[in-house]
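Structure, as structure tokens:
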Amino acid sequence: MVTNMKQIKVKLKESPYPIFIGENLKKEISGYLKDSKLGNFAVIISSKKIHSLYKGFISTLTGKIPNIVISVADGEAAKSKKWLFKIINEIMAIDTWNKKIFLVCFGGGTIGDLGGFAASIYKRGLPYIQIPTTLLSQIDSSIGGKTAIDLEKAKNVLGSFYQPKAVFIDSTFLKTLPLKEIRQGMAEAIKYGVIADKNLFDFIDANHCRLMKLESNPLKRLIFSCVKIKARIVEKDELENRGIRTVLNYGHTLAHALETASKYKKIPHGSAVSVGMAYAGRLSCYLGKCSEGEAVRVEKVLKSFGLPWNTAFDASKIFKALVYDKKFISGKIRMVILYKIGKVEVLSGISPEVIKKTLALFTKTQH
């Protein structure tokens with residue numbers, strides 16, 4: 001079984017699972033697949049870029065368990081009906097009475113979202129594991145069981161809650177990432193500090209140079225801290241029906257609207273979240289919930305990582321995209337609001353007029 005790694009257990013009533021954090025975990029992953037008996041045939045979902053980078057790793061990952069590899073498009077383009085049904089059709093083509101199929105999602109956040117969603121709907125559920133390869137997916141999207149694809153009008157609008165059997169976070173994969181991808185992950189890391197842990201936020205602020213250089217010790221601390229925060233929040237509110245898990249969406253309301261309006265091409269997810277956090281801070285100030293100093297400090301840290309804290313957008317167009325967001329419930333606008341670094345709350349009943357006005361003010365004052 002898996003040894004020599006840090007382990008965080010996600011303690012869910014129906015579907016608990018372990019998250020393993022370490023370096024060079026191929027042997028441990030292969031051992032887990034052999035011992036856990038998830039199935040006797042593996043379908044490995046990856047992107048074209050990741051497959052080309054780790055072809056040798058992937059080819060021997062499942063050991064003696066036979067497998068097929070399905071390579072999908074890189075980036076957000078993979079989260080589409082086209083690629084979802086390509087996966088489903090390829091699984092159907094190899095599915096026979098004597099096969100017990102399981103999925104391995106090997107790649108960034110889009111691979112986990114797409115592969116996890118395919119696993120959740122094929123024959124009402126196949127077991128799957130996550131092997132995230134980007135910083136953003138390692139600290140955020142691979143944990144918690146949110147799976148989804150995008151439709152033209154809205155991001156993540158077609159999805160399910162479906163937990164993996166295990167998550168393996170191997171920080172050595174980050175060494176092949178370009179600097180811009182590390183920045184995308186740092187946006188989510190900063191979010192964790194903002195919503196739940198001022199000490200983590202201060203650590204990120206004080207160590208931005210070391211983190212961008214991927215120095216081992218600060219990177220391990222960052223990953224472990226973020227994963228632990230998310231695991232504990234998910235345990236309290238797995239299906240996001242108690243309002244607790246919603247705090248993880250800080251900055252994501254505007255972020256998803258920006259991504260949708262740009263047709264998922266012009267602004268990466270982490271950059272969109274960065275702008276979304278800046279807007280959420282300014283909205284919180286407008287509503288009298290936090291001081292301007294708190295919002296400005298968040299913006300300062302975003303800037304220190306080279307993340308955008310503003311971007312040009314059409315406020316009316318963005319508002320239209322917002323109405324499809326999952327956080328707009330029964331005609332009431334619900335958003336995560338900043339009180340102070342380390343503390344946020346979900347605020348319901350924000351008027352559409354306030355959102356329209358603050359969006360217009362935000363885009364106007366940033367340029």
Within the range 28-40, how many residues turn out to be surrounded by 15 or more Cβ atoms within 10 Å (Cβ to Cβ) and either of a type in the set (Lys, Arg) or closer than 16 Å to Thr60 by Cβ (or both)?
6
Any residue in the range 31-49 that is among the aromatic types (Phe, Trp, Tyr), touching a residue at least 24 places away in the same chain (Cβ under 8 Å) and touching a Gly at 6+ places or on another chain (Cβ under 9 Å)?
no
Which condition from (1) assigned to a helix (DSSP H, G or I); (2) polar (S, T, N, Q); (3) free of Cβ contacts under 8 Å to residues at least 60 places away in the same chain; (4) closer than 30 Å to Ile337 by Cα is the one that Thr110 breaks?
(3)
Scan the range 273-289 for residues that are touching a helix residue (DSSP H, G or I) at 6+ places or on another chain (Cβ under 8 Å) and free of Cβ contacts under 8 Å to residues at least 12 places away in the same chain and jot them down.
Cys285
Taking only the range 146-180 into account, find how many residues are among the hydroxyl-bearing types (Ser, Thr, Tyr) and either in the same structural domain as Thr260 (by TED's automatic domain parsing) or closer than 17 Å to Leu136 by Cα (or both).
4
Would you check if Leu239 is within 18 Å of Ser141 (Cβ to Cβ) and part of a helix (DSSP H, G or I)?
no
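Return the residues of the range 345-362 that are in contact with a helix residue (DSSP H, G or I) (Cβ under 7 Å, 6 or more places away or on another chain), of a type in the set (A, V, I, L, M, F, W, C) and in a helix (DSSP H, G or I); say none if nothing qualifies.
Just the residues of the range 345-362 that are in contact with a helix residue (DSSP H, G or I) (Cβ under 7 Å, 6 or more places away or on another chain), to begin with: 346, 355-356, 358-360, 362.
Filter once more, so that each one left must be of a type in the set (A, V, I, L, M, F, W, C): 346, 355, 359-360, 362.
Ile355, Leu359, Ala360, Phe362 - these are the residues of the range 345-362 that are in contact with a helix residue (DSSP H, G or I) (Cβ under 7 Å, 6 or more places away or on another chain), of a type in the set (A, V, I, L, M, F, W, C) and in a helix (DSSP H, G or I).
Out of the range 26-68, which residues are among the small types (Gly, Ala, Ser) and part of a helix (DSSP H, G or I)?
Of the range 26-68, the ones among the small types (Gly, Ala, Ser) are 30-31, 36, 39, 42, 46-47, 52, 56, 59, 63.
Selection gives Ser30, Gly31, Ser36, Ser52, Gly56, Ser59.
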Just a yes or no: is a residue in the range 53-66 out of contact with any Leu (no Cβ under 7 Å at 6 or more places or on another chain) and farther than 25 Å from Lys175 by Cα?
yes
Are there any pairs, at least 6 apart or on different chains, whose C-beta atoms fall under 6 Å, with the first in the range 153-169 and β-branched (Val, Ile, Thr) and the second assigned to a strand (DSSP E or B) and surrounded by fewer than 24 Cβ atoms within 10 Å (Cβ to Cβ), and if so, which?
Val157/Leu151; Ile169/Ile21
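Would you say Glu76 is within 15 Å of the chain's Cα centre (by Cα) and more than 22 Å from Tyr32 (Cα to Cα)?
Working: within 15 Å of the chain's Cα centre (by Cα): yes; more than 22 Å from Tyr32 (Cα to Cα): yes.
When the stated conditions are applied, Glu76 passes them.
The values are calculated or read from the model by the stated rules, or taken from the named source; none is laboratory data. From a predicted model like this one, the values you see are computed outputs, not experimental measurements. With ideal geometry, Cβ positions are generated from the backbone for all residues, glycine too; neighbour counts draw on all protein chains shown.
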